[in-house]
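Right, one structure below, let's go through it.
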Amino acid sequence: MPSATPDPADVPVFVLCGGLGTRFREQTEFRPKPMIQIGRYPIVWHIMSTYARHGFKKFVLCAGYKSESIKDYFLNYAGMNSDFTVDLAGNNGVTVHSVDHDQDWRVTVAYTGELTMTGGRVAIATGKYLGDAEHFAVTYGDGVTDANFTDELAFHCGHDKLGTVLGVNPPSRFGELKLDGDNVVEFAEKPDLANNWINGGYFFFRRGFASYLDKTDEGLVLEKTPLIKLAQDGQLAMFKHRGFWQCMDTQRDWDGLNKLWNSGNPPWLPR
């Protein structure tokens, strides 16, 4: 049944950060995809910051491939964003003089296996770190959006299904041709296919979704058996978002996101 909408600060966000990123080897040979930078910050920071704008503060990063890069970043976050002094003559103690950031997040980096698939990572991490939360969020570590997660959470709690997926409606990457016989009567470079919705990768689930996951199955793909069965059971709703959304799968995507950031007004996170 529908439930009261919780304080977003009490809803943990599980971010999938462990994949190999094989389609983006130009960058992922040296770091996991969530640590590829857009401007000064890794894309996972941009994702977390978007959630934080809507009151979410608890993050569980489901790490795997090159997890040490993610661990180093957050273990040294205060020093990387502040002035500090290192006592080299003593015991190498560090004094942080100021905290030059406004993030009040609680970040858990959870190692979920080198080759574990997305569903297995969610199962392992929620099994350890969901706590007593009734609702939780799941997203990938490689896409940004200006979606309103406060509204999506309220929508999720307002129905009685176990899951909610953010549905997005991006313009096609390919030109669309409309024909009359062999004659082209309309050419659209990047048509907006108004009724074609795709998985935007930002989910909310009730804790009962755990019954669809098997933490002993490292090969479990979230987008296959768990979500397919959830939909077949009538337990998955879609929250429609027609605003900005962009995944980062290729060098072209990365270049485009950096161009937007450098414009001074990135649509997912104004500076």
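The numbers here are math on the coordinates, done by the rules we state, and not lab data. Model, not experiment: these values are computed from the prediction. Methodologically, a virtual Cβ is constructed for each residue, glycine included, from the backbone with ideal geometry; neighbour enumeration extends over all protein chains shown.
Of MET1, TYR129, ASN76, whose Cα points farthest to the positive end of the dipole of the chain (charges on the beta-carbon: +1 Lys, Arg; -1 Asp, Glu; origin at the Cα centre)?
So the residue furthest toward the plus end is TYR129.
Rounding to the nearest 20 debye, state how big the charge dipole of the chain is about its Cα centre with +1 on each Lys and Arg Cβ and -1 on each Asp and Glu Cβ.
Using Cβ point charges on Lys, Arg, Asp and Glu, the chain gives about 240 debye.
If you restrict to DSSP beta bridges whose two residues both lie in the chain, what percentage is antiparallel, to the nearest 5?
About 50 percent, rounded to the nearest 5.
Within the stretch 1-138, what percent of beta bridges assigned by DSSP are antiparallel, to the nearest 5?
Of the beta bridges lying entirely in the stretch 1-138, close to 30 percent run antiparallel.
Cross-link list LYS71/LYS215; LYS57/LYS215; LYS128/LYS240: which exceed 29 angstrom alpha carbon to alpha carbon?
LYS128/LYS240
Exposed loop sites here are chymotrypsin sites (Phe, Trp or Tyr not before Pro) in DSSP loop states with at most 14 other C-beta atoms within 10 Å. What is the longest stretch of the chain lacking them?
Between exposed loop sites, the widest span is 31-173.
At 0.36 nm per residue, and after removing the present C-alpha to C-alpha distance, how many nm does the segment from ASN196 to MET1 gain when stretched out fully?
My answer for the length gained is 67.3 nm.
Which one, (i) 18.7; (ii) 21.1; (iii) 20.1, gives Kirkwood radius over Cα pairs in Å as derived from the coordinates shown?
(iii)
Check each of the GluC sites (Glu not before Pro) in the stretch 32-138 and keep only those in coil by DSSP with at most 16 other C-beta atoms within 10 angstrom; list them in order.
Hits after loop and neighbour filter: GLU114, GLU134.
Taking Cα atoms, how many degrees apart are the long axis of helix 43-53 and the longest axis of the chain, rounded to 10 and kept between 0 and 90?
90 degrees
Where does the stretch 212-256 land on Rg(C-alpha)/(2.2 N^0.38 Å)?
1.64
Taking the stretch 1-134, how much of its Cα-Cα pair set, in percent, is spaced more than 27 angstrom apart?
29 percent
Between GLU134 and LYS240, what's the calculated FRET efficiency when r is the beta-carbon distance and R0 is 25 Å? Round to 0.05.
FRET efficiency, GLU134 to LYS240: 0.55.
Report ³J(HN,Hα) in whole Hz for each residue of the stretch 104-112, in order, from the Karplus equation J = 6.51 cos²θ - 1.76 cosθ + 1.60 where θ = phi - 60°; Gly and Pro get x.
Once θ is set to phi - 60°, the couplings for the stretch 104-112 become 10, 7, 10, 10, 10, 9, 10, 6, 10 Hz.
Roughly what angle does helix 118-129 make with the longest principal axis of the chain, taking Cα atoms, 0 to 90 degrees, to the nearest 10?
The angle comes out at about 40 degrees.
How big is the C-alpha Rg of the stretch 232-271 next to the rule-of-thumb value 2.2 N^0.38 Å, as a ratio?
Its radius of gyration relative to the 2.2 N^0.38 Å reference: 1.65.
Around THR225, what is the net charge, scoring Lys/Arg as +1 and Asp/Glu as -1 over all other residues with Cβ under 11 Å from its Cβ?
Within the 11 Å Cβ shell, the charges total -1.
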